[in-house]
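First the structure, in the form of structure tokens, and then the observations on it.
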Amino acid sequence: MKFGTKAIHAGLEPDPSTGAVMTPIFQTSTYVQESPGKNKGYEYARGKNPTRMALQNNIAALENGKHCLCFSSGMGAIDAVAKLLRPGDEVITGNDLYGGTYRIFERVYSQYGIKFHYIDLNKPENVLPYINANTKLFWVETPTNPTMQIVDIEACAAISKKHNLTFVVDNTFASPYLQNPLDLGADIVMHSVTKYLGGHSDVVMGALITNSDDLQQKLAFIHNSCGAVPGPMDSFLVLRGIKTLHLRMERHCANGKQIAAFLSSHPRIEKVYYPGLENHPNHDIAKKQMRDFGGMISVTIKNATLEDTFKIASSFHVFSLAESLGGVESLVNHPVTMTHASVPKSEREKVGVTDNLLRFSVGVEDIEDLIADLKQALEK
Ligand SMILES: *Cc1c(COP(=O)(O)O)cnc(C)c1O
């Protein structure tokens, strides 16, 4: 099956009791048993819920994976992966991570004796000097947030394989519509389902997808033991959202391209970070591993102070000033004070997260209205 057909149908069966086409919201915490242990495969809803199972099967299909587990947030999914580690283990990761990922690694898991190395992954071989007998996990995000660097997934997979590391890709920014890291050698794909998969800014959720029975067994144990499971209503909303993922992504990409071109030629813009631009430093890798370039764009404003940047960020009428991304509505975000406030200045400035940086999540509105809004805000 091709992507759009899978988005609508994979993992879903009409409800056997009524024929309902849409998967019902099984709003229950427990299931009746005929005699102790004799049941229909459902005992307690932390372990299994039919609405959540349908969603998990659907997302697994979109990522060409065998297994999927959904979590109550993206951070819950990241937390479950971190729980695969033991004190003394070391992790290799990029130096341009989602702020919350950096925070859970540095402020939570480093307390438990796990060591994290944050490395510039523009050249994957940069990680080699940091790999030793304790290295267990390689965590990659691509495109990165907010500077849209593209990390070569196949090159990182080859390094992971050679050194026996579990290789995880946070695929939130691309969505499964644009790239499938399992096909490129990843062991686990992670999503903040909150973003493109949900797509309507109405749910917080995470997911982990894998082809490995062994990893699935370990992660399912953590999922059930630690309990960061999403509810049935949220599972339903995401099932509904995913039915239009391919249509939304087409428009996100088309709008993204036009806006990147507009911003590139605007006199107030210093730099545009968008992997679809030919002058993007990793444009070739983006072309190789992604089907299109998405709707996430960051820019720096020429000669702008923090106050100048704030003024622009507060002047939009169609774009909303808000954290998050991937929904149908266009958003603008000031990373330094919003999404990346938990990353220390010295770390963020190394990767270009400066006071004059703005990040756009381009939505699926009409392009003329989006460009007119950018124009008026930049020309204020
Ligand atoms: C939002 C996000 C997360 C965290 O997910 P939540 O659903 O907010 O918990 C992780 N990684 C990336 C790239 C994100 O954008």
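Here are the numbers for this structure:
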| item | result |
| --- | --- |
| Residue within region 66-79 that is of a type outside the set (Ser, Thr, Tyr) and away from the ligand (no atom under 16 Å from the Cβ) present | yes |
| Residue among Glu125, Glu63, Glu106 that alone is acidic (Asp, Glu), open to solvent by 40 Å² or more (accessible area, probe 1.4 Å), within 16 Å of the ligand (Cβ to nearest atom) and out of contact with any Asp or Glu (no Cβ under 7 Å at 6 or more places or on another chain) | Glu106 |
| Residue match in region 206-225 (condition: under 20 Å from Glu329 (Cα atoms) and more than 13 Å from the ligand (Cβ to nearest atom)) | no |
| Asn279, sole failed condition from (1) open to solvent by 30 Å² or more (accessible area, probe 1.4 Å); (2) in a helix (DSSP H, G or I); (3) over 21 Å from Ser330 (Cβ atoms) | (2) |
| Residue count, region 1-45 (criterion: touching a residue at least 24 places away in the same chain (Cβ under 8 Å), touching a Pro at 6+ places or on another chain (Cβ under 6 Å) and not β-branched (Val, Ile, Thr)) | 2 |
| Qualifying residue in region 129-138 (condition: open to solvent by 10 Å² or more (accessible area, probe 1.4 Å), assigned to a helix (DSSP H, G or I) and closer than 21 Å to Lys288 by Cα) | no |
| Residue check for Ala372: loosely packed, with under 14 Cβ neighbours inside 10 Å, of a type in the set (Gly, Ala, Ser), over 22 Å from Ser201 (Cβ atoms) and over 16 Å from the mean Cα position of the chain (by Cα) | yes |
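Residue-wise test of (1) under 30 Å from Val140 (Cα atoms); (2) open to solvent by 70 Å² or more (accessible area, probe 1.4 Å); (3) assigned to a helix (DSSP H, G or I).
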{"position": "Pro16", "(1), (2), (3)": "no, yes, no"}
{"position": "Val21", "(1), (2), (3)": "no, yes, no"}
{"position": "Thr28", "(1), (2), (3)": "no, no, no"}
{"position": "Val32", "(1), (2), (3)": "no, yes, no"}
{"position": "Gly47", "(1), (2), (3)": "yes, no, no"}
{"position": "Ala54", "(1), (2), (3)": "yes, no, yes"}
{"position": "Asn58", "(1), (2), (3)": "yes, no, yes"}
{"position": "Leu69", "(1), (2), (3)": "yes, no, no"}
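The values are calculated or read from the model by the stated rules, or taken from the named source; none is laboratory data. Being a predicted model, the structure only gives us computed values, none of them experimental. Positions of Cβ are generated from backbone atoms using ideal geometry, with glycine treated the same way; all protein chains shown enter the neighbour counts. Each accessible area value is taken on the protein alone, full model and side chains, heavy atoms only, with ligands, DNA and RNA left out. Shrake-Rupley method; radii C 1.70, N 1.55, O 1.52, S 1.80 Å.
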